[in-house]
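A.B. asks: Below is one structure. I have some questions about it.
Every read-out reported here was derived from the displayed coordinates using simple, explicitly stated rules and does not represent laboratory data. The model shown is predicted, which means the values in this text are computed figures rather than measured ones.
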Amino acid sequence: MPERTVVIGSHSGLHARPATAFVRAAAELNTPVTIAREDGTPVAANSLLSVLALGAGHGDKVTLAAEGEGAAEALDALAALLVQDHDA
C-alpha cells in the first residue's frame, strides 16, 4: 500500500478551507485514501468531520495511504494540497 508523509503547510492547519479542499479532492478519486497524524488512527480522507477531528496543525506530519489502481498518483495530488499554504 503506497504511503506519503507530508507536513501541513497551511498556517491555520488542516481545518475549514484547507480541509474542505482536501476532502473534495479525495472524494473525487476512484481509490480509497486515509489520512493519519503521527502515531494516530487513520481516517477516511473523504470525510470532512473525520479530517477536522484530526486536529492537524501547521507543521504537523500526516501520513496518507491508498489502495488500488492509481493510488500513487492520488497520493501525490493530495500531498500537494496539504503542503500548500492556503492562507497566503
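A.B. asks: Working out 0.36 nm times the residue gap between residue 31 and residue 49, then minus their Cα-Cα distance, what length gain in nm do you get to one decimal?
C.D. replies: On the way: separation 18, 0.36 × 18 = 6.48 nm, distance 1.93 nm.
So the extension gain works out to 4.5 nm.
A.B. asks: Before anything else, pin down the relative contact order of the chain: Cα pairs under 8 Å, at least 6 apart, normalised by residue count, whole percent. Don't skip to the answer; put the middle values down first.
C.D. replies: On the way: 183 pairs, mean separation 42.1, N = 88.
Here the relative contact order equals 48 percent.
A.B. asks: Another one. So what is the calculated 222 nm ellipticity per residue for the chain, using -39500 (n - 2.57) for each DSSP H run with n of 4 or more, over all residues, to the nearest 500 deg cm²/dmol? Each step should come with its number before you reach the end.
C.D. replies: Details: 3 runs with 31 residues, N = 88.
Value at 222 nm, helices only: -10500 deg cm²/dmol.
A.B. asks: OK, next. What do you get for the angle between helix 71-83 and the principal long axis of the chain? Use alpha-carbon atoms, 0 to 90 degrees, nearest ten.
C.D. replies: Helix 71-83 and the main axis of the chain meet at about 0 degrees.
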